[in-house]
């Protein structure tokens with residue numbers, strides 16, 4: 001249930017209802033919607049924090065009484081809001097620190113200008129416009145991953161640098177491939193000129 005609330009953003013409503021201050025940007029909500037690994041970790045960390053909060057603030061003072069009708073699940077879910085607050089703040093700070101050093105948050109055109117410097121000149125000449133269009137549609141994490149791929153880093157090395165699991169890196173590149181296929185269907189890029197290097201690197 002908690003993982004589902006994190007994925008949909010319903011966790012923000014739960015925190016509001018419990019008077020728990022939670023400041024989550026649209027970018028962070030998008031990242032959590034896309035990343036199963038981050039949702040799993042946040043859910044686990046939230047529950048660990050919630051257990052201590054529930055024991056100290058609810059069970060010891062005797063605030064939960066099964067005779068009054070509210071289930072322990074209802075009470076514990078409220079405790080998860082407090083656990084999530086602390087877990088989210090830690091996750092957010094770590095994520096920003098790890099991604100910022102690689103240019104996360106740059107405008108697409110600015111990020112592309114940095115990436116273009118790492119592309120083989122022959123590839124850039126043949127496919128530069130197509131690559132730029134794909135890059136402009138990519139999610140920010142995928143842009144960073146593409147840049148690190150072009151610097152010959154492995155998925156494990158990329159994950160280590162960006163604070164992601166290898167599975168998360170693969171997930172971002174899988175979504176980029178979906179974006180490329182969608183752009184081809186819409187006629188935004190020419191399938192005949194769709195660069196093989198994008199497919200190879202994102203595999």
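The values are calculated or read from the model by the stated rules, or taken from the named source; none is laboratory data. Note that the structure is predicted; figures quoted are calculated from it, not measured. So basically every Cβ, Gly included, is an ideal-geometry build from the backbone, and we count neighbours across all protein chains shown.
Just to be sure before I move on: is residue 90 surrounded by fewer than 15 Cβ atoms within 10 Å (Cβ to Cβ), touching a helix residue (DSSP H, G or I) at 6+ places or on another chain (Cβ under 8 Å) and at pLDDT 75 or above in the structure I sent? Yes. Answer yes or no: is there a residue in segment 74-83 that is in contact with a helix residue (DSSP H, G or I) (Cβ under 9 Å, 6 or more places away or on another chain), modelled with pLDDT under 90 and not in a helix (DSSP H, G or I). For segment 74-83, residues in contact with a helix residue (DSSP H, G or I) (Cβ under 9 Å, 6 or more places away or on another chain), modelled with pLDDT under 90 and not in a helix (DSSP H, G or I): absent. Here residue 164 does not qualify as part of a helix (DSSP H, G or I), crowded, with 16+ Cβ neighbours inside 10 Å and not assigned by TED's automatic domain parsing to the domain that holds residue 29. A Cβ distance below 8 Å, combined with a sequence gap of six or more or placement on separate chains, defines the contacts here; from segment 1-26, residues that are in the same structural domain as residue 38 (by TED's automatic domain parsing) reach residues that are exposed (fewer than 11 other Cβ atoms within 10 Å of the Cβ) in the pairs 15/21.
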